[in-house]
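The block underneath contains the structure these notes are about, expressed in structure tokens.
The values are calculated or read from the model by the stated rules, or taken from the named source; none is laboratory data. As the structure is a computational prediction, the values presented were derived from the model and not from experiment. Here the Cβ positions follow ideal geometry from the backbone for every residue, glycine too, while neighbour counts run over all protein chains shown. Note: areas computed on protein heavy atoms with side chains; ligands, DNA, RNA excluded. Shrake-Rupley method; radii C 1.70, N 1.55, O 1.52, S 1.80 Å.
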Amino acid sequence: MNSPAHSSTTVDATTVAAPTVEVTVWSLEQTSPDDLRPAAVPGGEVRIVRSAVPSPEFSRFLYTAVGGDIRWTDRLAMTYAQWQETLDRPGAETWVAYENGTPAGYIELDPQEDGVVEIMYFGLIPAFRGRGLGGHLLSYGVARAWDLAERWPERAPTRRVWLHTCSDDGPHAMDNYVRRGFRLFDTKVELGPAIATPGPWPGADR
């Protein structure tokens with residue numbers, strides 16, 4: 001939005017630029033269901049269930065609970081209507097892992113054209129990391145990406161599943177993807193703002 005009152009303002013040469021940081025982004029893919037190498041199923045009471053009723057409140061909780069310590073910020077400013085629109089798209093699915101009835105993490109499938117499905121978000125709430133749940137959740141979610149057309153008959157059969165991860169993600173993220181059969185197809189180094197981790201809710205780190 002333009003502001004006529006400031007359209008000719010000169011920037012002071014002493015203005016300090018906002019700090020930035022380099023982030024490496026890796027893109028990976030599978031091109032056949034046979035590429036998937038499932039992880040072992042962890043012990044204990046672990047279930048993975050589709051969140052079949054689109055709920056902005058629940059999806060935003062998952063987003064902030066999983067991504068609060070790894071700089072997931074792109075959806076924080078979304079309105080309720082924007083969340084609802086995102087979740088209501090045909091073929092969009094969210095699968096949630098529960099341990100003893102408590103949400104432990106989730107995987108969100110983004111339906112794209114020509115039989116392509118992106119793993120839009122995937123991760124565990126911090127308290128559940130490092131216990132073997134991530135490999136199982138990723139395996140299950142990727143399998144659901146491959147059979148997405150069985151639940152959405154109007155979609156073409158899945159022919160490609162892809163995702164991207166970055167250097168801000170957890171230290172085991174890339175290894176998990178490679179172990180599940182994903183192959184690297186692109187690497188980029190981007191310059192972004194140096195922002196603090198938002199935490200699961202404002203003030204959580206106080």
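Listed conditions (1) modelled with pLDDT under 95; (2) in a loop (DSSP other than H, G, I, E, B); (3) surrounded by fewer than 17 Cβ atoms within 10 Å (Cβ to Cβ) are all met by Ala156, apart from (1). Exactly one residue out of Leu36, Leu87, Leu109, Leu28 is at pLDDT 95 or above, farther than 19 Å from Asn176 by Cα and aliphatic (A, V, I, L, M), and it is Leu87. Applying the criterion of being among the acidic types (Asp, Glu) and either open to solvent by less than 70 Å² (accessible area, probe 1.4 Å) or not in a helix (DSSP H, G or I) (or both) to the residues of region 79-112, the residue that is farthest from Arg159 (Cα to Cα) is Glu99. Taken over region 113-133, the residue count meeting the criterion of being over 10 Å from Val161 (Cα atoms), open to solvent by less than 50 Å² (accessible area, probe 1.4 Å) and free of Cβ contacts under 8 Å to residues at least 60 places away in the same chain is 5. Being touching a residue at least 12 places away in the same chain (Cβ under 8 Å), farther than 17 Å from Val142 by Cα, open to solvent by 30 Å² or more (accessible area, probe 1.4 Å) and within 15 Å of the chain's Cα centre (by Cα) is the requirement here; does Leu76 meet it? Judged against the criteria, Leu76 is a match. When the criteria are applied in full, Gly132 fails the requirement of being at pLDDT 95 or above and more than 17 Å from the chain's Cα centre (by Cα). If the condition is being loosely packed, with under 11 Cβ neighbours inside 10 Å and either among the charged types (D, E, K, R) or in contact (Cβ under 8 Å) with a residue 24 or more places away in the chain (or both), then region 32-58 contributes Asp34, Ala40, Gly44, Glu45, Glu57.
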